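The next block holds one structure in the form of structure tokens; read it before the comments.
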Amino acid sequence: MVMQGSMMKDESNNDAGKAMASSRSLALWIFGIEALLSLGLWWSVDASSPDWTGRIDLAWIPEWGVRFTIGIDGIAQMLILLTTIIMPLAVLGGWTSIREKTHAYYALLLVLTTGMLGVFMSLDLVLFYVMWEVMLVPMYLIIGIWGGQRRLYASLKFFLYTMIGSLLMLVAIVKLGLYAGQGGPPVFGYDAILVAVQAGSVPGAFWLFGAFAVAFAVKVPMFPFHTWLPDAHVEAPTAGSVILAAIMLKMGTFGFVRFAVPLFPEVAMHPTVRMVMLVLAVIGIVYGALVALVQPDFKKLVAYSSVSHLGFVMLGIFAMTVESMQGALMVTISHGVSTGALFLLIGMIYERRHTRQIEDFGGIAKVMPIFALCLTVVALSSIGVPGTNGFVGEFLVLLGSFPTQPWYSVVAATSVIFAAAYMLWAVQRIIYNPLVKPENEALKGHDLNWREIGLLTPLLIAIVWLGVYPKPVLHKTEAAADRLVRRVEATRLSTLPAPREGER
């Protein structure tokens, strides 16, 4: 539906202003209908079932063994809902800021959404790769055409980083397909490859895991593959930043949970590999928080905070307990809500002041009290204050990681202090310091309008709901997380050397 929407255009309007309004209204209608339809997934997906819900399997390119196979489990269900709910909010967030080439802009958003949903649903590895690439090009164009002053540099960097990782993943996919084919035509079905790799040791498993891991680590982004992210976030338009933070970064963590770890559990749980991943995760947590602390640009500060938050997700995945895995999924969802809201708020104040430098603000709460209230609530959720969504995920990650990885958990916990320092300090300088600059005094009477309040409201409700009563979401992801942990643990135990006679 969203792909078809990208091809629609109202030819009746020759006036530029009417054409702009028509394009964004059409996109909003399509995203709104898609969001309403997708809400049915909350009830229709049986998260406890080991089978895929809504599985569709069609022949696509039979000569190459490629099929159009899609399906949903509890993990994909939550990420699909996150995508379909965030997209109309992203359109509303850029309602007045995008004034040129609007039809192309909204068409690219629709194509991008097609790719993102396809990534979460694909059960054929070639289809997954195609969808992975489908979302790459629209975001490259969105940053490169509608971005800031350094948009070309940022978009090229984003494209090259992601493309290099994708090509490595493609080689690994081809190798896996040939291996699963056992000398016959290649087989790229996810379930068939999973059975094949469990039946025997895959030649070059370390290299194949490495290829998948690099592609996903770039997208997460893990330290030291993160350098494209601050540039992309800063230069992207508001909707681009929201989509990057709320959805596209989740592709990397989803890739680890869906492909890299289940297909190569013996490699993922190898002591050396596991130590490297955990060290990089913890470095990302602390490094992202420390660098965020010294950022003069509020948007860049939030970008580096994403490096820190996604480090928690990686820590939870490779700690490999049910609690840490569920915590990782909760951080994934919570980060999408909180950071998406932060980028929307930054876009709103940027439209009014045309600056993102923290030192240019001060005392905004006196002239924009509703903006100040929303920013404070979202900032508290980003820090992880109890009662907000940010607390639940990070607490579960630390709770689940400590029994198996105590030292990594202790180091990661210190970032909570740094997060409070950089976020509260920034909020204080923006909204609570004395109102002395005339440009800020001129904001009186320009507080958030009803459109902006309306698009922030569902995110604020989600922040409180997930913080106070996260049980429904945890219930949806529990079975899938438990199956993954059990499968990986069983593989790890099977690779241990058998005890000698005297040790039994």
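Of note:
- Search result, residues across the stretch 279-297 that are surrounded by fewer than 24 Cβ atoms within 10 Å (Cβ to Cβ) and among the hydrophobic types (A, V, I, L, M, F, W, C): V279, L280, I283, V286, L290, V291, L293, V294
- Members of the stretch 126-161 found to be without any contact (Cβ under 8 Å) to a residue 40 or more places away in the chain and charged (D, E, K, R), listed by number: E133
- For the stretch 89-101, the criterion of being open to solvent by 30 Å² or more (accessible area, probe 1.4 Å), β-branched (V, I, T) and at pLDDT 90 or above is satisfied by no residue at all.
- Members of the stretch 182-215 found to be touching a Phe, Trp or Tyr at 6+ places or on another chain (Cβ under 9 Å), touching a residue at least 40 places away in the same chain (Cβ under 8 Å) and assigned to a helix (DSSP H, G or I), listed by number: Y190, D191, I193, V197, A205, F206, L208, F209, F212, A213, V214, A215
- Matching helices (runs of 4 or more DSSP H) fully within the stretch 393-504 where at least 1 residues are among the aliphatic types (A, V, I, L, M) and at pLDDT 85 or above: 406-413, 415-427, 450-468, 471-495
- Each residue in the stretch 84-114 was checked for being assigned to a helix (DSSP H, G or I) and either in contact with a Phe, Trp or Tyr (Cβ under 7 Å, 6 or more places away or on another chain) or free of Cβ contacts under 8 Å to residues at least 12 places away in the same chain (or both), and 4 of them qualify.
- The stretch 369-417, residues that are of a type in the set (S, T, N, Q) and within 21 Å of R274 (Cβ to Cβ): S401, T404, Q405, S409, S415
- Lone qualifier among V187, V171, V130 - being within 16 Å of R258 (Cβ to Cβ) and open to solvent by 20 Å² or more (accessible area, probe 1.4 Å): V130
- Among the residues of the stretch 102-117, those that are within 19 Å of the chain's Cα centre (by Cα) and either β-branched (V, I, T) or open to solvent by 10 Å² or more (accessible area, probe 1.4 Å) (or both) comprise L108, V111, T113, T114, L117.
- Filter result for I164 (touching a residue at least 24 places away in the same chain (Cβ under 8 Å), buried (at least 21 other Cβ atoms within 10 Å of the Cβ) and under 21 Å from the mean Cα position of the chain (by Cα)): no
- Residue within the stretch 250-259 that is within 27 Å of Q357 (Cα to Cα) and either of a type in the set (D, E, K, R) or under 19 Å from the mean Cα position of the chain (by Cα) (or both) present: no
- Residue count, the stretch 383-402 (criterion: buried (at least 24 other Cβ atoms within 10 Å of the Cβ) and farther than 17 Å from V468 by Cβ): 3
- Residue under evaluation M135, criteria (1) under 16 Å from the mean Cα position of the chain (by Cα); (2) open to solvent by 30 Å² or more (accessible area, probe 1.4 Å); (3) at pLDDT below 90, criterion not met: (2)
- Every residue from the stretch 16-48 that is open to solvent by 50 Å² or more (accessible area, probe 1.4 Å), closer than 23 Å to Q77 by Cα and among the small types (G, A, S): S44, S48
- Only residues that are hydroxyl-bearing (S, T, Y) and open to solvent by 60 Å² or more (accessible area, probe 1.4 Å) were counted in the stretch 403-425, giving 1.
- Against the list (1) in a helix (DSSP H, G or I); (2) over 30 Å from A27 (Cα atoms), the condition V218 fails is (2).
- Within the stretch 49-67, the residues that satisfy the criterion of being open to solvent by less than 70 Å² (accessible area, probe 1.4 Å) and in a strand (DSSP E or B) are T53, G54, D57, I61, V66.
- Residue check, P458 closer than 23 Å to G340 by Cβ, surrounded by 18 or more Cβ atoms within 10 Å (Cβ to Cβ) and touching a residue at least 60 places away in the same chain (Cβ under 8 Å): no
The values are calculated or read from the model by the stated rules, or taken from the named source; none is laboratory data. Model, not experiment: these values are computed from the prediction. Note that we place each Cβ from the backbone using ideal geometry, even for glycine, and neighbour counts take in every protein chain shown. Accessible surface is based on the protein model in full, side chains and every heavy atom, while ligands, DNA and RNA are left aside. Shrake-Rupley method; radii C 1.70, N 1.55, O 1.52, S 1.80 Å.
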